[in-house]
1. Assuming Leu203 fulfils every condition listed in (1) closer than 29 Å to Leu4 by Cβ; (2) at pLDDT 85 or above apart from one, which condition is it?
2. Which of (1) out of contact with any helix residue (DSSP H, G or I) (no Cβ under 7 Å at 6 or more places or on another chain); (2) among the aliphatic types (A, V, I, L, M); (3) surrounded by fewer than 16 Cβ atoms within 10 Å (Cβ to Cβ); (4) within 28 Å of Asn151 (Cα to Cα) does Ile105 not meet, given it meets every other one?
3. Could you check Ser194 against (1) surrounded by 17 or more Cβ atoms within 10 Å (Cβ to Cβ); (2) modelled with pLDDT of 85 or more and say which number it fails?
4. Evaluate the stretch 40-54: report whether one residue or more is in contact with a strand residue (DSSP E or B) (Cβ under 8 Å, 6 or more places away or on another chain) and at positive phi.
5. With the checklist (1) open to solvent by 30 Å² or more (accessible area, probe 1.4 Å); (2) in contact (Cβ under 8 Å) with a residue 60 or more places away in the chain in hand, flag the one item Arg117 doesn't pass.
6. Restricting attention to the stretch 62-84, report how many residues are charged (D, E, K, R), open to solvent by 30 Å² or more (accessible area, probe 1.4 Å) and touching a strand residue (DSSP E or B) at 6+ places or on another chain (Cβ under 9 Å).
7. Kindly list the number of the only condition in (1) farther than 22 Å from Phe103 by Cα; (2) assigned to a strand (DSSP E or B); (3) not small (Gly, Ala, Ser) that fails for Ile41.
Amino acid sequence: MKILIIEDETELMEVIRQSLEKENFLVESASDYHNALDKVISFDYDCILLDIMLPGGSGLDILQELKNLDKSDNVIIISAKDSLEDKLTGLDLGADDYLTKPFHIAELNARIKSVLRRKSFGGKNTVELANVKLDLDDRTLLIDNKPLLLNRKEFDILTYMVVNKNRLVNKTSLAERVWGDHMDEADDYEFIYSQIKNLRKKLKDNGAGVEIQAVYGLGYKLLIL
């Protein structure tokens with residue numbers, strides 16, 4: 001899952017980043033209004049942690065832009081301002097939750113997972129398709145109730161494909177969601193092909209009831225067999 005932290009307090013941002021990376025989230029960050037706005041316009045995220053008071057502008061204006069763009073990114077406001085008006089404005093503009101500083105990192109992690117489950121998986125921490133079961137908290141995969149070991153990227157790819165089952169997922173979208181900012185360092189999509197190839201083989205060899213189908217020149221689809 002790909003998360004964007006919009007926060008100008010460097011120390012807090014790093015604490016949040018390290019905590020989320022330990023939970024195997026892919027984390028990007030922005031420390032001012034204009035950089036943050038550029039990221040939310042250009043990319044999609046599973047969750048955005050948004051401070052209201054930013055250098056160069058207001059986080060509420062970023063929320064408004066997300067609403068204007070009809071983007072469905074999950075947003076949790078993290079702000080030192082405990083104003084009822086700001087909270088109501090943020091929720092009215094589409095924020096999913098509001099956490100007032102200071103807060104415990106464990107609470108933030110719990111709220112992120114809750115929002116992701118609520119939006120992507122109907123509030124569940126597991127998702128089942130055919131004989132395949134993904135546990136999003138433990139990051140485990142079962143096929144016919146037997147565990148199958150996936151590496152971090154394979155699990156992230158499969159989770160993203162499950163969220164978008166029966167839809168065409170283009171290569172660029174997949175790369176941005178699973179590799180984030182680091183995809184800019186790649187000269188081609190060979191890194192995706194390699195992970196997809198290994199994942200498809202593992203699913204097939206273990207009798208999975210789902211298949212990642214390549215759509216030549218475009219991307220991939222997850223199909224239920």
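The values are calculated or read from the model by the stated rules, or taken from the named source; none is laboratory data. None of these values were measured; they are calculated from a predicted model. Cβ placement follows ideal geometry from the backbone for every residue including glycine, while neighbour counts extend to all protein chains displayed. These area figures cover heavy atoms from the full protein model, side chains too; ligands, DNA and RNA do not enter into them. Shrake-Rupley method; radii C 1.70, N 1.55, O 1.52, S 1.80 Å.
1. (1)
2. It fails just one condition, (1).
3. (1)
4. No: the stretch 40-54 contains no residue that is in contact with a strand residue (DSSP E or B) (Cβ under 8 Å, 6 or more places away or on another chain) and at positive phi.
5. Failed condition: (2).
6. Step one: list which residues in the stretch 62-84 are charged (D, E, K, R), which gives 65, 67, 70-71, 73, 81-82.
Narrowing further to those that are open to solvent by 30 Å² or more (accessible area, probe 1.4 Å): 65, 67, 70-71, 81-82.
Now narrow it down to the ones that are touching a strand residue (DSSP E or B) at 6+ places or on another chain (Cβ under 9 Å): 81-82.
Count: 2.
7. Failed condition: (2).
Here's the yes/no breakdown for (1) at pLDDT 90 or above; (2) under 24 Å from Val40 (Cβ atoms); (3) in contact with a Phe, Trp or Tyr (Cβ under 9 Å, 6 or more places away or on another chain):
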| residue | (1), (2), (3) |
| --- | --- |
| Asn131 | yes, no, no |
| Asp137 | no, no, no |
| Leu141 | yes, no, yes |
| Arg152 | no, no, no |
| Glu190 | no, no, no |
